[in-house]
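Here's the structure, in structure tokens; my notes come after.
The values are calculated or read from the model by the stated rules, or taken from the named source; none is laboratory data. If you're wondering where the values come from, they're calculated on a predicted model, not measured in any experiment. Note that each Cβ is placed from the backbone with ideal geometry, even for glycine, and that neighbours are counted across all protein chains shown.
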Amino acid sequence: MRLIFFLFSLSLFFSCQTNNKDSKTEKSDIVLLSEKINQNPNDVNLILNRVNYNLNLKKYESALFDLNQCLSIDSLNSRCNFLAAFCYFEISKYDQTKSEYGKLALDCIKNSIEIDPDNFLAFSLYGEINIAYGRYKQAIDCFNKSLTKEYNQYKIHHLMGYAFKKLRQDDEAINCFQNSININPEYIEPYIELALVYQGMNDTLAETYYLNALKIDSSNVISMYNLALYYQSNFLYNKALETYNLLLAFDAFNANTHYNIGFIHMELDLHDIAVNNFADAIYSNPSFFESYYARGICFETIGNIAQAEVDYKRAIEINPEYNFAIDALENLNKNNLKYK
């Protein structure tokens, strides 16, 4: 035992030494780069090296600081405008306080395209920013211009399909999603999008595309949930329950999944089992007022009137305008008035 512990300790020691060495090397890289920039503060290419370093680490604020310095030196640099637009856009996704960053992203990407009309990446980003603003027609126009210059952009085909879907042009959307898959068969997003489109049509191809998505990523809970929902809406309850239970192995506290399992058991007149499913949904989300209402129905059906009343009241407490629970409680009181 001592020998094993000693060997483990040596392993841990050398691991720590290696990690420390890597950390020092990484720190030295950025320090050396910064020293070079300090010696040549107007060298845009040097500053861009530090920009790329920070972008690789997803340090968008740091990258943007340097990019603004670059633009103060050379405002007509297309790449700097493009990267600044990218940073503004990425930051705006996670920092809602910087509401002006969306406009700044638009300004920079327009500058980039005006300076270099052949920059297909700039058109792609311009399209993505337009999607964020709900300007789907403008986004499609940008994506088309980008794809004309470089067709094999599977993510852009996917995004263009999404824009067509938002415009309810399903045939065009399907074509775009298929193009994305043809370019990169391992990219999961267009499979899910195609499944959603076909699910909206209640087409059996929805199942095919969800299963294809799960072949790429067997732990994708979005695909599992939507596939189970597809089965449920088509009364394929055994398949739905099997898929929901598979999902719970990856996401045990998915309240909607527990609720849907309970709903299926209600449909099958298994109210005593459904009670437990709705209880699990409530445990996962204590504010899930629909689950209180549904559990109340189950309790009322199996004769537990007191608990049904409690659940209806709790649903109304959470959502005072939830008419289903209000009506259920009123009917419960009327039907059981003679017992009070």
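Descriptive notes on the structure:
- Boolean, Asn285 is touching a residue at least 24 places away in the same chain (Cβ under 8 Å), closer than 20 Å to Arg314 by Cβ and surrounded by fewer than 20 Cβ atoms within 10 Å (Cβ to Cβ): yes
- Checking each residue in the range 145-173 for being among the β-branched types (Val, Ile, Thr) and touching a helix residue (DSSP H, G or I) at 6+ places or on another chain (Cβ under 6 Å) picks out only Ile156.
- Summed over the range 232-260, the residues that are part of a loop (DSSP other than H, G, I, E, B) and buried (at least 16 other Cβ atoms within 10 Å of the Cβ) give a count of 1.
- Pick from the range 122-141, criterion over 15 Å from Phe89 (Cα atoms) and either surrounded by fewer than 19 Cβ atoms within 10 Å (Cβ to Cβ) or at pLDDT below 95 (or both), ranking: farthest from the chain's Cα centre (by Cα): Asp141
- Qualifying positions in the range 230-251 - over 11 Å from Ile264 (Cβ atoms), of a type in the set (A, V, I, L, M) and in contact (Cβ under 8 Å) with a residue 24 or more places away in the chain: Leu247
- The single condition from (1) surrounded by fewer than 21 Cβ atoms within 10 Å (Cβ to Cβ); (2) within 30 Å of Cys108 (Cβ to Cβ) that Arg168 fails is (2).
- Number of the condition not met by Asn202 [criteria: (1) at pLDDT below 95; (2) part of a helix (DSSP H, G or I)]: (2)
- Subset of the range 216-228 (residues that are surrounded by fewer than 20 Cβ atoms within 10 Å (Cβ to Cβ) and aliphatic (A, V, I, L, M)): Ile216, Val221, Ile222
- The single residue among Ile47, Ile37 that is more than 36 Å from the chain's Cα centre (by Cα), closer than 18 Å to Ala84 by Cβ and modelled with pLDDT of 50 or more turns out to be Ile37.
- Per-region count, the range 200-215, residues buried (at least 21 other Cβ atoms within 10 Å of the Cβ) and either aliphatic (A, V, I, L, M) or touching a residue at least 24 places away in the same chain (Cβ under 8 Å) (or both): 2
- Test for Tyr209: is it at pLDDT 95 or above, assigned to a helix (DSSP H, G or I) and closer than 12 Å to Thr257 by Cβ: no
- Test set (1) among the small types (Gly, Ala, Ser); (2) farther than 24 Å from Asn256 by Cβ; (3) part of a helix (DSSP H, G or I) - Gly303 fails condition number: (3)
- Residue pairs meeting the criteria (Cβ under 9 Å; at least 6 apart or on separate chains; first loosely packed, with under 14 Cβ neighbours inside 10 Å, in the range 311-340; second of a type in the set (S, T, N, Q)): Lys340/Asn333
- Any hit, the range 101-108, residues being of a type in the set (Gly, Ala, Ser) and surrounded by fewer than 23 Cβ atoms within 10 Å (Cβ to Cβ): yes
Matching residues to (1) within 20 Å of the chain's Cα centre (by Cα); (2) of a type in the set (Lys, Arg); (3) over 25 Å from Phe143 (Cβ atoms):
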{"position": "Asn179", "(1), (2), (3)": "no, no, no"}
{"position": "Asn182", "(1), (2), (3)": "no, no, no"}
{"position": "Glu186", "(1), (2), (3)": "yes, no, no"}
{"position": "Leu194", "(1), (2), (3)": "yes, no, no"}
{"position": "Ala213", "(1), (2), (3)": "yes, no, no"}
{"position": "Ser218", "(1), (2), (3)": "yes, no, yes"}
{"position": "Ile222", "(1), (2), (3)": "yes, no, no"}
